[in-house]
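Working notes for the structure below.
Each reported figure results from applying straightforward, stated rules to the coordinates on display, with no laboratory input. Small disclaimer: the values here were computed from a predicted structure and weren't measured. Quick reminder, even Gly has a Cβ in these numbers, built from the backbone with ideal geometry, and neighbours come from all protein chains shown.
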Amino acid sequence: YMKIKIRETEDGLVIKLSGELDHHAAKGALKEIADAADEFVPTICILDMSQVTFMDSSGIAVVLGLYRKMSEVGGRVVVKDTPPGVMKIFRISGLERIVTFS
């Protein structure tokens, strides 16, 4: 089960994911995140992964989808507070070359 909280801050649009980001959750997450990016049109989108308990390769698609969306408007994506197990999947994918991790 995946929970998504989205809020606008002075730093940008903050999207906090919690729970399991698997194939089933990724479809809904992609849509919800894309809708929020369309609504707020931020220049920076911060993806807070601190509460993600599990992620498979579907999570890569979520980050790539957000990256594409932000690229369209000249914005950028920052992924923060990624748990070690989840970070391992991101490292294998090579996402560090296009997305900022902090």
Can you tell me, using C-alpha contacts under 8 Å and at least 6 residues apart, the relative contact order of the chain as a whole percent?
27 percent
Under 12 Å Cα-Cα from K5, which aspartates and glutamates qualify once same-chain neighbours fewer than 8 residues away are excluded?
E32, D48
Note on region 1-99: C-alpha Rg/Rh, Kirkwood Rh, two decimals, gives 0.92
Computed FRET value (nearest 0.05) for F101 with S50, which takes r as the C-beta separation and R₀ as 22 Å
0.95
Can you tell me the length gained on complete extension of the stretch S57 to K31, counting 0.36 nm per residue apart and subtracting the Cα distance?
7.7 nm
Which translational diffusion coefficient, to the nearest whole µm²/s, is obtained for region 61-102 from the Stokes-Einstein equation, given a Kirkwood hydrodynamic radius over C-alpha pairs, 4 °C and 1.567 mPa s?
122 µm²/s
What does the charge dipole of region 1-95 about its Cα centre add up to, to the nearest 20 debye, if the Cβ of each Lys and Arg holds +1 and the Cβ of each Asp and Glu holds -1?
260 debye
Helix by helix, which DSSP H runs in the chain go 27 Å or more along their axis at the Cα atoms and have an average Kyte-Doolittle hydropathy of 1.6 or more?
none
How high is the FRET efficiency from I92 to E10, r the C-beta distance, R0 30 Å, rounded to 0.05?
0.35
Based on DSSP, what percent of beta bridges with both residues in the chain are antiparallel, to the nearest 5?
35 percent
